[in-house]
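**Student:** Before I ask anything, let me first share the structure, which is written out below as structure tokens.
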Amino acid sequence: MKHFLRVVTQFFVFLYCKCLWRGLKFVARKFTGHCELQRICYNNKHGARRTLKIESSLRFSKNELLQSALSIHPDKVEKTIEDIMALKKINPDTNPQLGISLQASLLQIVGYRSLVAEVEKLRKEPYDCENPEHEDMLMKLWKELRPDTPLTGRISKQWCEIGFQGSDPKTDFRGMGLLGLHNLLYFAEHDKATALQMLHDSLQPKHNEINKPEWEQKNIDKAIGYSFAIVGINITDLAYSLLVTGALKTHLYNVAPEMPSLLHFQQTFCYLMQEFHRFWIEEDPSDIMEFNRVRSKFHRRILRQLKNPDMALCPHFSASHLHLVNL
């Protein structure tokens with residue numbers, strides 16, 4: 001019975017998309033004198049609401065030019081907008097704002113696709129200890145997080161002090177490649193005070209791991225107990241998942257005036273790190289074995305927030321060059 005209902009539902013969805021929706025579009029155009037792209041631009045403010053609708057309209061269009069607009073090179077956006085205006089018989093002189101709006105949204109769409117490719121390239125690039133650039137980034141990370149403590153050697157148990165699992169951080173980057181290192185270093189360099197505070201908090205043991213007199217003597221006011229670097233790599237994975245599934249479009253279309261860049265992604269990572277830190281404290285897990293549960297719950301909360309088309313995740317760090325606000 002369930003299978004039958006599913007088939008019937010799919011049939012009516014298909015009928016709606018192929019027949020009724022196209023009929024409604026035809027009637028709307030005749031009634032308003034505007035094509036669908038015009039109606040979207042005139043009735044929605046700049047940002048995710050407009051761009052997501054334009055993206056959907058282009059994707060499901062029967063016209064090859066409109067479909068291919070989603071995969072053009074950024075340098076061809078202006079020419080593509082001119083072709084679309086000509087196809088829809090829209091006079092750019094009497095509708096100047098329409099061309100500007102379409103161009104901004106199309107730049108966001110193709111920029112998002114380019115960002116996914118750039119992030120994927122970093123994720124697939126393994127950490128290479130023979131590469132001087134990779135080694136230099138890793139050493140910078142240590143100096144940012146442990147400015148007053150010299151590293152005794154490249155292979156050292158000291159790496160555990162900033163949250164790596166063993167004496168060689170190389171092994172911890174296998175899942176996210178250079179992307180994890182890029183994000184950690186960006187956080188440490190561009191919001192050093194917050195990164196250092198989070199690292200300090202993460203090193204505090206859970207209160208149930210030491211006896212009460214010792215706890216009171218040390219006057220520890222925050223009991224966290226997680227591995228900073230490992231959590232950073234895990235949050236990188238979470239940010240990557242949001243990006244490649246398209247969930248992050250809501251945020252990036254609201255904060256990037258035109259093309260989203262790697263900078264936007266890294267600042268989003270910084271926000272997620274800080275929010276996860278707060279969330280971990282709120283959840284008060286008994287030990288690190290609860291990490292996956294807390295991470296999954298945090299992931300679901302972020303996804304719920306991103307379902308709001310007006311949502312823009314807002315990182316609260318001083319070095320932000322972007323105005324990330326909840327529109």
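The values are calculated or read from the model by the stated rules, or taken from the named source; none is laboratory data. Note that the structure is a prediction, hence the values are computed from the model and not measured. Every residue, glycine among them, receives a Cβ derived from its backbone with ideal geometry; neighbour counts consider all protein chains shown. In case anyone asks, the SASA skips ligands and DNA or RNA and just uses the protein heavy atoms, side chains included. Shrake-Rupley method; radii C 1.70, N 1.55, O 1.52, S 1.80 Å.
**Student:** How much FRET efficiency would the formula 1/(1 + (r/R0)^6) give for E118 and K307, where r is the Cβ-Cβ distance and R0 is 22 Å, rounded to 0.05?
**Tutor:** 0.30
**Student:** Hey, what does the equivalent ellipsoid look like for segment 32-122, semi-axes from the Cα gyration tensor as sqrt of 5 times each eigenvalue, largest first, whole Å?
**Tutor:** 23, 14, 12
**Student:** Quick check: net charge around N308, other residues with Cβ under 13 Å of its Cβ, Lys/Arg +1 and Asp/Glu -1?
**Tutor:** For residues surrounding N308, the net value is +4.
**Student:** Compute the length gained on full extension between A193 and Q97: take 0.36 nm times their separation in residues and subtract their Cα-Cα distance, giving the result in nm to one decimal.
**Tutor:** 30.2 nm
**Student:** Could you put L70, L178, L87 in order of accessible surface area, largest first, with the 1.4 Å probe and the full protein assembly present?
**Tutor:** L87, L70, L178
**Student:** Could you work out how much longer the chain between L263 and S61 gets when fully extended? Use 0.36 nm per residue separation minus the Cα distance between them, nm to one decimal.
**Tutor:** 69.5 nm
**Student:** Using a 1.4 Å probe on the protein heavy atoms only, what accessible surface does V244 show? Give it in Å² to the nearest 10.
**Tutor:** Accessible area of V244: about 70 Å².
**Student:** Can you check what the net charge comes to around Y112, using other residues whose Cβ is under 10 Å from the Cβ of Y112 (Lys, Arg +1; Asp, Glu -1)?
**Tutor:** +1
**Student:** Follow-up question, since we're still on this one. Taking a probe of 1.4 angstrom, what is the accessible area of E282 in Å², to the nearest 10?
**Tutor:** Number for this one is 130 Å².
**Student:** Working out 0.36 nm times the residue gap between E290 and M137, then minus their Cα-Cα distance, what length gain in nm do you get to one decimal?
**Tutor:** Contour length minus Cα-Cα distance gives 52.0 nm.
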